[in-house]
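J.: Here it is, the structure in full.
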Amino acid sequence: MKILLATEKPFAKKAVDGIREIVENAGYELKLLEKYTEKSELREALADVDAVIIRSDKIKAEEVEAAKNLKIVVRAGAGYDNVDLEACSARGIVVMNTPGQNSNAVAELAIGMMIFMARNQYTPGTGSEINGKKLGIHAYGNVGRLVGKYGKAMGMDVYAYDPFITDAAYFEADGVKKVDSVEELYATSDYVSIHIPATEQTKNSINYALLNRMPKGATIVNTARKEVVNEAELAQLLAEREDMKYATDIAPAILDELKEKFGKRVFSTPKKMGAETMEANINAALAAARQIVDYFVNGNTRFQVNK
Ligand code: 3PG
């Protein structure tokens, strides 16, 4: 069996070494494609492999077509919007993610970004504190739950909305208040931390009308996906609401325009860094390798997302 590790944004060496050990101990061969710049390199590398481990690397219909022996794709991470599930399913290719493995890293970054924005991006001038502020968690999954926990530790009053969790007791057990609608969440929160996946339903769903419900001085922190925010409407909002700020870990398509117009009220990391910790790299990488071996050896499909 040949396993490809294809990462345009490579894992730390320790994580790659860990993958190699798991793969080779199982009697398989590891093929490495890192920091590639052309899609054609990925397609060529896919041509003779049985499995592939990726991060945000795109596996679309063309890649599936090029990967004649491919049986399994494991996205080492949470979001799998970069994989064409339909194209994979049509070929009987199993797609998995590694949920929870990099959540802590993303949650820590979200809290860090709140403080960074509250303190004028660490530039001179009077900032504010996050203690005592209302934090709204938009979707209470692995990352959202941790952001809530850390927000509480910082003295924030934490609210959450999740369309798939209706039991208030689930939130209450964490000391978090459930709100019944996304509109109420935004209307309540001084900080909203976004944790929804990018799907056909969620794309552009965070729009002017929703954001404009936020109270004076509010900040939006996006460590999820840029696609969930309607960028044109975000620009309109920031123009009308000089009190509001936007921090994101996924550079908006209109970043230059936003930075030029709104200066330090907007911040974007240069390259998505939510999962860029040694711990998260190792957790996600090793889980991905183990899931592949477990699939080939035992047929385990627990983390399959295209069932
Ligand atoms: C995820 O979905 O797991 C995160 O967005 C991390 O993505 P990355 O592996 O490309 O950094």
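The values are calculated or read from the model by the stated rules, or taken from the named source; none is laboratory data. These numbers were taken from a predicted model, which means no experiment stands behind them. Neighbour counts run over all protein chains shown; Cβ positions are idealised from the backbone, glycine included. These accessible areas exclude ligands, DNA and RNA; they are computed on the full protein's heavy atoms, side chains included. Shrake-Rupley method; radii C 1.70, N 1.55, O 1.52, S 1.80 Å.
J.: Only one residue in 78, 61, 47 is of a type in the set (Gly, Ala, Ser) and more than 27 Å from residue 225 (Cβ to Cβ), so which one is that?
T.: One residue alone meets the criteria, 47.
For every residue, the table says whether it meets (1) within 14 Å of the ligand (Cβ to nearest atom); (2) part of a loop (DSSP other than H, G, I, E, B).
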| site | (1), (2) |
| --- | --- |
| 57 | yes, yes |
| 95 | yes, no |
| 99 | yes, yes |
| 128 | no, yes |
| 137 | no, no |
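J.: Just the residues that are surrounded by fewer than 24 Cβ atoms within 10 Å (Cβ to Cβ) and not small (Gly, Ala, Ser), please, taken from region 118-138.
T.: 119, 120, 121, 122, 123, 124, 126, 129, 130, 131, 133, 134
J.: Looking at (1) touching a helix residue (DSSP H, G or I) at 6+ places or on another chain (Cβ under 9 Å); (2) farther than 30 Å from residue 72 by Cβ; (3) of a type outside the set (S, T, N, Q), which is the only condition residue 278 fails?
T.: (2)
J.: Only residues in region 128-152 that are hydroxyl-bearing (Ser, Thr, Tyr) count as the first member; pair them with residues that are part of a helix (DSSP H, G or I) and open to solvent by less than 60 Å² (accessible area, probe 1.4 Å), Cβ under 7 angstrom, at least 6 apart or cross-chain, and list the lot.
T.: These pairs meet every condition: 128/118; 140/171; 150/107; 150/111.
J.: I'd like the full set of residues that are in contact with a Lys or Arg (Cβ under 7 Å, 6 or more places away or on another chain) and within 13 Å of the ligand (Cβ to nearest atom), limited to region 59-85.
T.: Scanning region 59-85 gives 76, 77, 79, 81, 82, 83.
J.: Of 61, 78, which residue is surrounded by fewer than 17 Cβ atoms within 10 Å (Cβ to Cβ) and either farther than 20 Å from residue 300 by Cβ or out of contact with any Leu (no Cβ under 9 Å at 6 or more places or on another chain) (or both)?
T.: Unique residue meeting the criteria: 61.
J.: Of the residues 284, 239, which is of a type in the set (A, V, I, L, M), in contact (Cβ under 8 Å) with a residue 12 or more places away in the chain and open to solvent by 40 Å² or more (accessible area, probe 1.4 Å)?
T.: 239
J.: If you don't mind, another one. Name the single residue, out of those in region 19-38 being surrounded by 15 or more Cβ atoms within 10 Å (Cβ to Cβ) and under 23 Å from the mean Cα position of the chain (by Cα), that is farthest from residue 72 (Cα to Cα).
T.: 36
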